[in-house]
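Following: one structure in structure tokens, then a few remarks.
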Amino acid sequence: MIILLFAALAVFIFLGLPIGLSLAGSSLIYILVSGHIPGLVVIHRMVGGVDSFPLLAVPFFILAGNLMNSTGITERIFGFATSVVGWMRGGLGHVNVGASVLFAGMSGAAVADAGGLGAIEIKAMREAGYDTDFSIGITASSSTIGPLIPPSLPMVIYGVLASASIGQLFAAGMVPGLLMAASLMVMVAWYARRRGYTPANKFALRLLAHSFSRAFLSLITPLLIVGGILMGIFTPTEAAIAAVAWALFLGTVVYRNLNWKSFVAVSRESMETTVVILFVVASASIFSWILTENRVPEQFAHMIAMTTDNKIAVLVLINLILFVVGCFMETVAAITILVPVLLPLAVGVGVDPVQFGVIMVLNLMIGLLTPPVGMVLYVLAKVSNVTFEQSARATMPFLVPLLIVLMLVTFVPQFSMWLPTALYR
């Protein structure tokens, strides 16, 4: 019967149905054919899957990110990043990475980074004479930093499913996120020397001071969110609400570029995104419940244990599974389905659930850059007016530094566990 479940899922995905409908539809077919489970279980389990207080952070972080994109905050961040690292060879490439690091502390979603900052970055790089493939590649890869540096929507969802501390998960993602940024800046330096890219500007304290004063209130946002969570002032959900309130304050009182019409448009866009994400979570909940009821996670773990109990081999296998699934499945659905399957396996070989959360999110972020379901590739293809295939080809070389960071985080626990251990344990 489990074969029927996966076969139905594969058929629905092949037919092009959204992943949420594919998961719910295949689960409903399984329940109807099995005949021993009431159909109302589907609704009950789907509602139960999203009936969680921490998940309230999802719509508020989405709204905060959209407000920041619509009120000029991203433009100010880009300007500040230009004054800080634009003087380096291949300056706008480094600015691209630096701006993503700053925006990561506000949004927590790779697609928001690609759609908001991405449009500004690619336009600026094209006007400065950078090759289109380099502009798209570095923009796509740097957008994956967002869900590692807190706040992070995938971390919230993982924390709910794994019963792990979301505060510790946020802290654990900080160093890996900065490692990703450093590795991408090394890649930018290599490209710049090879292709002769010049600095975007000369370093000037006057320019730095001006851009900092212009972006100062925007730059407070990461301190408000991350600092509030790490110091115990906010829960992640409360921090998301605070981020929305701060973005509204900046847009209406300080910058005064957010009117009622644009607020309604931003709210509608945020609601649509929220509905899609939470429907995927709900659909994946019934799917994963069926797997659990049929003891698939236990059988899978037993099969792996019979094959090998070597920690390195198990972690390599887990990463391969995550990478393949990330190529075909949206991040939220993959987390919801795979946490019950892979987390016991990782814990069984001595991996801390917090470290495993970082491994899972980082791996699935790389999946956003791989066809056929690379959401970031679709977004950047749209904003840069190129084909999806061109976007995918441009991004491939930039997977190398991200995969290197993934291996470091996987096999050197200190990279992800040092900060949460220092803060919480």
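To the nearest ten degrees, helix 260-293 and the longest principal axis of the Cα atoms of the chain are 30 degrees apart.
By its C-alpha gyration tensor, with a ≥ b ≥ c as the square roots of the eigenvalues, how is segment 20-165 shaped: rounded for a/c under 1.5, else prolate for a/b larger than b/c, else oblate? Could you put the intermediate results ahead of the total?
Details: a/c = 3.37, a/b = 2.40, b/c = 1.41.
Cα axes put segment 20-165 in the prolate bin.
The residue among Ile157, Ile138, Tyr191 whose Cα reaches farthest toward the positive pole of the charge dipole of segment 94-220, with charges on the beta-carbon of Lys, Arg, Asp and Glu, is Tyr191. Sequentially through segment 64-77, phi angles give Karplus couplings (6.51, -1.76, 1.60; θ = phi - 60°) of 4, x, 5, 5, 5, 5, 8, 10, x, 5, 4, 5, 5, 5 Hz, Gly and Pro residues having no value and appearing as x.
Classify segment 258-306 as rounded, prolate or oblate, taking a ≥ b ≥ c as the square roots of the eigenvalues of its Cα gyration tensor: rounded when a/c is under 1.5, otherwise prolate if a/b is larger than b/c and oblate if not. Provide the component values of the computation, followed by the final result.
Details: a/c = 10.04, a/b = 4.07, b/c = 2.47.
Prolate shape, in that a/c is at least 1.5 and a/b is the bigger ratio.
Work out the count of Lys pairs in the chain where the Cα-Cα distance is under 28 Å, with the pair 8 or more places apart or on different chains.
On the way: Lys123/Lys202; Lys123/Lys261; Lys123/Lys382; Lys261/Lys382.
So the count of such lysine pairs works out to 4.
Summarise the accessible area of segment 114-225 (1.4 Å probe, protein heavy atoms) by the percent that is carbon and sulfur. Carbon plus sulfur share of accessible area: 64 percent. To the nearest 0.05, what FRET efficiency results for Ala265 and Ala204 with a Förster distance of 30 Å applied to their C-beta separation? Plugging the Cβ-Cβ distance into 1/(1 + (r/R0)^6) gives 0.20. Note on surface exposure: Trp418, Trp289 rank Trp418, Trp289 by accessible area, highest first, 1.4 Å probe.
Estimated purely from DSSP H runs of n ≥ 4, each contributing -39500 (n - 2.57), the mean residue ellipticity at 222 nm for the chain is -25000 deg cm²/dmol once divided by its residues. Rounded to the nearest 20 debye, the dipole magnitude of segment 215-321 is 360 debye, with +1 charges on Lys and Arg beta carbons, -1 on Asp and Glu beta carbons, and the Cα centre as origin. With the gyration tensor restricted to C-alpha atoms of segment 226-293, the semi-axes of the equivalent ellipsoid amount to 32, 20, 5 Å, longest first. Highest GNM mean-square fluctuation among Leu278, Leu248, Leu320, for the chain modelled with Cα contacts below 10 Å: Leu320.
Evaluated over the Cα positions of segment 144-191, the convex hull gives a direction-averaged projected area, one quarter of its surface, of 3.2 nm².
How large is the accessible surface per residue of the chain, computed with a 1.4 Å probe and reported in Å² as a whole number? Present the calculation step by step, with values, prior to reporting the outcome.
Working: 17850 Å² over 425 residues.
Computed with neighbouring chains in place, this is 42 Å² per residue.
When the chain is described by a simple charge dipole with +1 on each Lys and Arg Cβ and -1 on each Asp and Glu Cβ, the residue from Leu423, Val254, Ala204 located farthest towards its positive end is Ala204.
Starting from the Cα gyration tensor of segment 249-366, take the square roots of the eigenvalues, sort them a ≥ b ≥ c, and report rounded, prolate or oblate (rounded when a/c is under 1.5, otherwise prolate if a/b is larger than b/c, else oblate). Let's see the in-between values first.
On the way: a/c = 3.61, a/b = 2.30, b/c = 1.57.
Since a/c reaches 1.5 and a/b is larger than b/c, the shape of segment 249-366 is classed as prolate.
With contacts taken as Cα pairs under 8 Å and at least 6 residues apart, the chain reaches a relative contact order of 25 percent. The spacing between segment 309-366 and segment 205-257, judged by their C-alpha centroids, is 33 Å. Averaging 1/r across all pairs of distinct Cα atoms in segment 301-425 and inverting the result yields a Kirkwood radius of 15.6 Å.
The values are calculated or read from the model by the stated rules, or taken from the named source; none is laboratory data. Since the structure is predicted, the reported quantities are computational estimates derived from the model, not experimental observations. Here the Cβ is made from the backbone with ideal geometry for all residues, glycine too, and neighbour counts use every protein chain on show. Side chains are part of the model used for accessible areas, which takes the heavy atoms of the whole protein and leaves out ligands, DNA and RNA. Shrake-Rupley method; radii C 1.70, N 1.55, O 1.52, S 1.80 Å.
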